[in-house]
1. Determine, for each peptide in 116-122, 271-277, 315-321, the mean count of other beta carbons within 10 angstrom over its residues, then list the peptides with the highest first.
2. Let me have the 222 nm mean residue ellipticity of the chain computed from DSSP H runs of 4+ only, each contributing -39500 (n - 2.57), with the sum over all residues rounded to the nearest 500.
3. Accessible area of the stretch 136-310 with a 1.4 Å probe: how many percent of it is carbon plus sulfur?
4. Which one of GLY190, ALA256, GLN238 has its Cα pushed farthest toward the positive end of the charge dipole of the chain, where Lys and Arg give +1 and Asp and Glu give -1 at the Cβ?
5. Please work out how much length the chain gains when fully extended from ASN231 to ASP64, using 0.36 nm per residue of separation minus the C-alpha to C-alpha distance, in nm with one decimal.
6. Given a Förster distance of 25 angstrom, what is the FRET efficiency for GLU76 paired with ASN330, based on the Cβ-Cβ distance and rounded to 0.05?
7. Taking +1 at the Cβ of each Lys and Arg and -1 at the Cβ of each Asp and Glu, which of LEU16, PRO343, ALA295 sits farthest along the dipole of the chain towards its positive end, judged by Cα position relative to the Cα centre?
8. Can you work out the FRET efficiency for the pair LYS244 and GLU45, with r the C-beta to C-beta distance and R0 = 22 Å, to the nearest 0.05?
Amino acid sequence: MYDMNNYKIKHDAVILGIESSCDETACAIIKGRKILADCVISSAEEQALYGGVVPEIASRAHTDVVDEVVYRAMNEAGITPQDVDAVAVTYGAGLLGALLVGLSFAKSFAHAMNIPLIAVDHIRGHMAAAYLEDTELKPPFITLLASGGHTAILHTKSVLKAEVLGGTCDDAAGEAFDKVARVLGLPYPGGPSVQKLAEGGVNCIDFPSALVKHGDGLTFSYSGLKTAVINYMHGAEQRGQTVKKENVAASFQCAAIDPLVKKTVECALNLGVQTVTAGGGVVANDYLRKTLSDACLSAGITLVLPEKKHCTDNAAMIAAEGLNQYYAGNFSPLSVNAKASIPLNNNK
Ligand code: KG4
Ligand code: ZN
């Protein structure tokens, strides 16, 4: 019988994290904030054949490898199931069929071992990656969050409470990278391909900034920028002009990233917050990492920038957020279901 009512919270707990929201099947094990194992099996190569993530292929791939990835992580950490104190798993947002594979595995594990199940919001996981980079990190901090589904600037006031300061009103930054990659004829995944091409180009095309000019000054739009790039490419094609795609990529990258970096640092300065962190797949972008590092340095702000492998989808970040929820005693019933979307200001 799974009953966590009298469960006693342990210090430096061993958390097993599982992530399966998109095309990465991942398992990580942490003890406190120290990573013992960090494994990912990706179906990205197979997805690339179709130019993007096919949900059914993702679900099947997770089913094929979820037990293997957990087994690998246990081996890497040198532990047995009896050593695990709690299981943290992504329950949303993401592809439902994909999420259900990880969630079902995690429920079975928690039930079999009679240990707490912790259902983690994927986005809170991206934000928690910073705790692995700096194991002493404590709120308050400002986070620049940019992934395939979300783009926002958040103020984490306490471990469980984050306030959304601003964000996109339409597409996410990662989504724009993926669509621009497609119009430039680059392979999936789009973000890394655009970055690579941009490295050989210069910012010389005047694309509209992702920052919305009117309003609160913290609203971003990636749909307009994406359309501007598409129109630029189609216009050139119709006129029979050859386009330097490197320059298109470099100019798009600046228009997409510069305002995010600038506004993140401004938020920290305006609110008197000394630390900036970042998370989400787009934060693996080298141009973003460099401009954010430079901007924080010249503003005298401490930057906690997770390793690239902890910006794109991984299970260590899910375990890290699981640990936060574990210490707060936020355990989930075995009836918890997967969710395709979760509001960004979902504080537990
Ligand atoms: O966080 P993530 O792995 O999955 C989601 O939660 O969405 O983010 C994936 C997104 C994709 O849109 C991908 O193109 C983008 O992150 N991305 C990048 C880079 N690496 C991944 N975007 C720009 N530059 C990169 N190097
Ligand atoms: Zn993600």
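The values are calculated or read from the model by the stated rules, or taken from the named source; none is laboratory data. Bear in mind the structure is a predicted one, so any value in this text is a computation, not a measurement. Quick reminder, even Gly has a Cβ in these numbers, built from the backbone with ideal geometry, and neighbours come from all protein chains shown. Just so you know, the surface numbers come from the protein's heavy atoms only, side chains and all, with ligands and any DNA or RNA stripped out. Shrake-Rupley method; radii C 1.70, N 1.55, O 1.52, S 1.80 Å.
1. Working: 116-122: 25.1, 271-277: 18.0, 315-321: 32.9.
Top to bottom by mean Cβ count within 10 Å: 315-321, 116-122, 271-277.
2. -14000 deg cm²/dmol
3. Working: 4190 of 7800 Å².
Taking all protein chains in place, the stretch 136-310 shows 54 percent carbon and sulfur surface.
4. Selected residue: ALA256.
5. Taking ASN231 through ASP64 to full extension adds about 56.0 nm, to one decimal.
6. On the way: r = 27 Å, r/R0 = 1.09.
The pair GLU76/ASN330 has a calculated efficiency of 0.40.
7. ALA295
8. Details: r = 29 Å, r/R0 = 1.33.
Working from the Cβ atoms, E equals 0.15.
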